[in-house]
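This report concerns only the one structure given below.
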Amino acid sequence: MNNNLQIYNTLSRTKEKFEPIVPPHVGMYVCGPTVYGDAHLGHARPAITFDVVFRYLMHIGYKVRYVRNITDVGHLENDADEGEDKIVKKARLESLEPMEVVKLFTDRYHKNMDQLNVLHPSIEPTASGHIIEQIELIKSILNNGYAYEADGSVYFDVEKYNKDYQYGKLSGRKTEDLLENTRILAGQDEKKNSYDFALWKKTDPKHIMQWPSPWSDGYPGWHLECSAMGAKYLGEKFDIHGGGMDLLFPHHESEIAQSNASRGHDPVKYWMHNNMITIGGQKMGKSLNNFITLDEFFSGNQELLTRAYSPMTIRFFILQAHYRSTLDFSNEALQAAEKGMHKLFNTIEIIDKLVPTEKSTIDVRQFESRLYEAMNDDFNTPITIAYLFDLSRLINQVNDGKEKLTKEDISFVKELFAVFIFKVLGLKNESGKNSDLLIDQLMNTILVIRNDAKLNKDWATADRIREDLSKLKINIKDTKDGSEWSFE
Ligand code: ZN
């Protein structure tokens with residue numbers, strides 16, 4: 001087993017040699033989506049980052065149990081335990097059952113992840129499926145004196161915890177600063193301190209998602225699910241916990257606190273965080289109106305996009321930056337990524353046509369150790385890709401007759417390309433063969449034409465499109481935002 005892997009640990013703020021707790025097994029937990037809306041570029045980055053971590057660990061010989069959860073209850077609109085549950089709100093707005101919202105957006109998330117060639121996790125638990133485990137965790141935190149009950153809700157006592165442990169060690173925040181920042185909210189609720197966070201929230205009887213507990217009918221706090229499910233499937237201390245940098249505080253900080261408060265030790269050996277994606281230097285967000293969903297990227301149907309981009313272009317674009325760097329979206333950057341990716345795929349075709357000679361004039365074998373060194377250096381995919389481009393240039397020189405390679409070297413290079421491009425980076429050649437995607441794109445074009453017909457009051461054309469598609473067993477459903485299609 002290749003064991004030169006170094007991982008940057010957010011907790012120690014240094015690169016550390018990767019030594020799993022019980023090799024060759026690796027337990028990895030990544031915070032998955034809260035399923036109340038379509039997946040966007042901000043969802044693609046952690047999914048692809050940790051997909052490559054998952055793939056590479058398996059490639060170098062580890063047996064990985066990868067848990068990526070689905071948050072379907074308890075994630076409120078803001079981090080101060082205020083506002084409505086995101087899923088309940090969506091359900092209310094759309095007149096759906098909360099679990100209909102969960103199913104709809106979980107299915108869409110899965111479809112997008114398949115399009116991006118993200119491997120399925122080993123286990124995909126939901127928060128609502130682990131209420132009992134979360135209640136047990138609250139009981140032990142209460143028993144150890146690090147939580148308090150207030151009118152049927154239970155809150156984590158950050159001040160008490162901070163006397164014995166350190167709240168803020170992951171994010172580098174200090175409780176005094178937290179107090180400073182959140183003082184305005186204090187006194188408005190039943191918390192002792194505004195930075196205390198909810199473990200259990202009592203609900204009014206009309207609330208649509210609630211469960212019985214020793215304290216009240218209610219629901220668990222958002223940070224609790226990952227502590228409960230991580231421990232259940234990976235053990236009380238496991239190897240890797242990942243997620244986006246936006247989860248560092250308060251979500252992951254609180255996970256550490258909950259684990260220490262209930263079990264007396266940290267839950268995770270290596271904390272990994274991917275950086276954010278920006279658009280024109282600004283953080284992406286619905287309120288900024290620069291929010292592009294993955295489906296919009298694949299169809300090109302969004303005003304910020306000059307055209308459609310394939311899922312592999314998105315994947316390659318994300319991997320061209322190191323996961324700890326910010327990544328700025330632009331149409332130009334995506335088009336450059338697409339061009340680069342095609343160059344690599346072209347090279348694979350060129351390798352098949354190379355004419356071998358007796359002796360090689362270039363050393364292609366050195367690239368093997370370079371590629372592994374790049375990946376071993378905290379999964380440095382941009383350097384890995386840069387070496388693949390170097391190799392690609394050499395292969396093109398062989399093809400032009402400027403350099404020579406033996407039969408053995410040609411098959412060596414072919415294998416090396418295949419391992420890194422397909423297995424490790426998880427790219428796939430999309431050229432004309434991805435019929436699902438093509439159908440999506442064609443249907444999108446047809447629906448845009450039909451919508452234009454409707455806007456022009458050309459009902460004959462709109463109806464004809466619907467009828468003809470119906471003969472192909474494709475149903476069109478008009479919604480308030482446009483139309484949707486599905487197979488019968
Ligand atoms: Zn989480």
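The values are calculated or read from the model by the stated rules, or taken from the named source; none is laboratory data. Note that the structure is a prediction, hence the values are computed from the model and not measured. Cβ: placed from backbone, ideal geometry, glycine included. Neighbour counts: every protein chain shown. Only protein heavy atoms, including side chains, enter the accessible area calculation; ligands, DNA and RNA are left aside. Shrake-Rupley method; radii C 1.70, N 1.55, O 1.52, S 1.80 Å.
Let me make sure I get this right: for segment 278-424, a, b and c are the square roots of the gyration tensor eigenvalues over alpha carbons, sorted descending. Under 1.5 in a/c it's rounded, otherwise prolate if a/b > b/c, else oblate. Which is it? Don't skip to the end; give the middle numbers.
Numbers: a/c = 3.31, a/b = 2.14, b/c = 1.55.
It is prolate, given that a/c is not under 1.5 and a/b is the larger ratio.
Charge tally for Lys404 (other residues, Cβ to Cβ under 14 Å; Lys, Arg +1; Asp, Glu -1): -3. Between amide H atoms placed 1.01 Å from N, distances below 5 Å from Tyr270 occur with Ile240, His241, all of them 5 or more places distant or on a separate chain.
For the ranges 317-328, 451-462, 215-226, 341-352, what's the packing order if you count other beta-carbon atoms within 10 Å of each residue, average per peptide, and put the highest first? Write out the running numbers ahead of the final one.
Numbers: 317-328: 19.2, 451-462: 12.9, 215-226: 23.8, 341-352: 16.5.
Top to bottom by mean Cβ count within 10 Å: 215-226, 317-328, 341-352, 451-462.
At a Förster radius of 41 Å, what calculated FRET efficiency corresponds to the Cβ-Cβ distance of Glu16 and Asn429, to the nearest 0.05? Intermediate values should be presented prior to the final figure.
Numbers: r = 36 Å, r/R0 = 0.88.
Given R0 = 41 Å and the Cβ-Cβ separation, E is 0.70.
If you look at the Cα atoms of the chain, you get an Rg and a Dmax of 25.4, 83 Å. Normalised by the number of residues in the chain, the mean separation of alpha-carbon contacts (under 8 Å, six or more apart) gives a relative contact order of 16 percent. Per residue, the accessible area of the chain comes to 46 Å², computed with a 1.4 Å probe over protein heavy atoms only. Where a ≥ b ≥ c are the square roots of the eigenvalues of the C-alpha gyration tensor, would you call segment 343-438 rounded, which needs a/c under 1.5, or, failing that, prolate if a/b is larger than b/c, or oblate? Verdict is oblate for segment 343-438.
Each Lys and Arg contributes +1 and each Asp and Glu -1, all at the Cβ; summed about the Cα centre of segment 384-488, the dipole is approximately 80 debye. Computed about its Cα centre, the charge dipole of segment 275-387 is approximately 100 debye, with only Lys, Arg, Asp and Glu carrying charge at their Cβ.
Close amide H contacts of Phe197 (hydrogens built in the peptide plane, cut-off under 5 Å, sequence separation of 5 or more or a different chain): Phe156, Val158.
Normalised by the empirical 2.2 N^0.38 Å for globular proteins, what value does the Cα Rg of segment 436-487 take?
Numbers: Rg = 10.5 Å, N = 52, 2.2 N^0.38 = 9.9 Å.
Cα Rg divided by the expected 2.2 N^0.38 Å: 1.06.
In terms of overall dimensions, segment 222-355 has a Cα radius of gyration and Dmax of 19.9, 66 angstrom. Helix by helix, which DSSP H runs in the chain go 27 Å or more along their axis at the Cα atoms and have an average Kyte-Doolittle hydropathy of 0.0 or more? Sorted by number, the helices that extend far enough and score high enough are 435-455. Across segment 436-487, the mean sequence separation of Cα contacts (distance under 8 Å, 6 or more residues apart), normalised by length, yields a relative contact order of 25 percent.
Could you tell me the relative contact order of segment 6-274? Use alpha-carbon pairs under 8 Å, at least six residues apart, and round to a whole percent. Once normalised by length, the contact order is 24 percent. Taking amide hydrogens as placed 1.01 Å from N in the peptide plane, the amide H of Thr278 sits under 5 Å from those of Leu327, Asp328, Phe329, each at least 5 positions away in sequence or on another chain.
Within the accessible surface of the chain, defined with a 1.4 Å probe on protein heavy atoms only, the carbon and sulfur portion equals 50 percent.
Give me the one-decimal nm value for the distance between modelled label points at Lys477 and Asn399, 7 Å along each residue's Cα-to-Cβ direction. My value for the distance between the label points is 4.6 nm. For segment 1-115, the alpha-carbon radius of gyration amounts to 1.32 times the rule-of-thumb value 2.2 N^0.38 Å expected for a compact globular protein.
Based on the alpha-carbon gyration tensor of segment 6-274, what equivalent-ellipsoid semi-axes (square roots of 5 times the eigenvalues) come out, in whole Å, largest first?
Details: eigenvalues 161, 115, 54 Å².
In descending order the semi-axes read 28, 24, 16 Å.
Only bridges with both residues in the chain count here: give the DSSP antiparallel percent, nearest 5.
Percent antiparallel among DSSP bridges in the chain is about 55.
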